[in-house]
Amino acid sequence: MISASAWLLARIPLCVGAFLGKIVSLLWWYVIPIRRDVAQSNIELVLPQAPHSSILRRSVASMFLSFVELLHYDRRPFEGFDLVGWDALIDRANNGKGSLVLTGHGAGWELVGAVASSQLKLPVTVIVKTPTSPKFAKLIERIRESFGLELLEPEGSFWLASQALARGRIVVFLLDQRNNEGIEVPFFGEGALTSKGLALLAKRSGVPVFPAWQVRLGVGRHQFEIFPPMELTGAVRSDTELFMRFYEGRIVENPVGWLWLHDRWRLLNKEE
């Protein structure tokens with residue numbers, strides 16, 4: 001079923017994918033509210049005065065469209081990406097120097113790796129969780145690897161990531177989701193379990209951390225921005241807190257573009 005749906009979605013016009021995204025978002029909100037309570041709780045914490053239902057529905061519609069765009073790009077790469085601030089990262093890669101990138105689940109996050117690896121020919125290694133659905137996991141892994149991405153599981157990835165850096169690769173961390181083995185740091189004023197891997201790797205390697213974010217500009221159009229390297233202290237906790245503040249700024253700027261469905265603030269001593 002997943003393979004057949006993906007085959008079809010890869011062949012419909014993107015404008016139809018955008019329309020279907022709106023339908024999916026309405027069904028999610030009114031009929032099949034999977035993780036809707038989690039999303040509402042999250043957005044009430046972050047943006048208490050915002051129009052919650054509108055932002056969440058638009059976010060789900062955008063995520064659906066991003067998946068359709070990814071399937072299209074996998075089948076036949078298209079133009080439509082504004083790359084801002086990439087020169088320093090590209091120069092380091094061309095000179096065989098490894099780099100660290102902090103990004104997150106902003107609009108079209110899967111497309112960033114696709115463009116960087118397949119279009120720009122950059123050596124990208126991404127630390128990603130495997131989706132819980134085996135069939136979807138197989139599909140998304142096949143797509144990611146088809147772009148030339150090197151994939152690492154979060155568990156036990158520290159030394160593999162170190163080796164990737166030593167080979168001159170760009171190692172990408174997404175820290176805006178909960179890491180049950182992580183440290184508790186403030187995120188929008190509430191404690192959130194966060195991996196300390198990026199801060200620790202940056203400290204030990206001395207490699208700069210480039211923050212990056214994605215913004216949807218329209219149907220089939222995105223801006224992928226690389227910001228200047230962060231000024232780190234070398235203290236793992238304070239640097240991890242700095243990473244969270246970067247996310248806070250990006251999410252407030254463009255709340256529709258973030259993945260609200262994840263139970264980001266659940267701590268281990270709280271009930272599931």
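The values are calculated or read from the model by the stated rules, or taken from the named source; none is laboratory data. Predicted model only: the values in this text are computed from it and were never measured. Backbone-built Cβ (ideal geometry, glycine too); neighbour counts: all protein chains shown. Remember, those area values only see protein heavy atoms, side chains included, never the ligands or the DNA or RNA. Shrake-Rupley method; radii C 1.70, N 1.55, O 1.52, S 1.80 Å.
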Taking the chain and dividing mean pair separation by its residue count, relative contact order in percent (alpha carbons under 8 Å, at least six apart): 25
At most 10 other Cβ within 10 Å, DSSP loop - GluC sites (Glu not before Pro), the range 93-157: 155
Sulfur and carbon atoms: percent of accessible area, the range 156-272 [1.4 Å]: 51
Accessible surface, the chain, averaged per residue in Å² (probe 1.4 Å): 49
R0 of 35 Å, Cβ-Cβ distance residue 180-residue 31: FRET efficiency to nearest 0.05: 0.65
Residue 221/residue 159 FRET efficiency (R0 35 Å; Cβ-Cβ; nearest 0.05): 0.35
R0 of 25 Å, Cβ-Cβ distance residue 88-residue 167: FRET efficiency to nearest 0.05: 0.85
Local net charge near residue 151, Cβ-Cβ under 9 Å (Lys/Arg +1, Asp/Glu -1): -3
Dmax and Rg, reported as Rg then Dmax, of the range 83-222 (C-alpha, Å): 15.0, 41
Gaussian network model of the chain, Cα within-10 Å springs - most flexible of 124, 215, 31: 31
Semi-axes of the equivalent ellipsoid for the chain, Cα gyration tensor, largest first, Å: 28, 24, 17
Loop-resident sites, the range 1-92, for chymotrypsin sites (Phe, Trp or Tyr not before Pro), counting at most 13 other Cβ within 10 Å (DSSP): 78
Per DSSP, loop trypsin sites (Lys or Arg not before Pro) in the range 186-215 with at most 14 further Cβ within 10 Å: none
Positive dipole terminus of the range 1-119, leading residue within 17, 114, 81 (C-beta point charges): 17
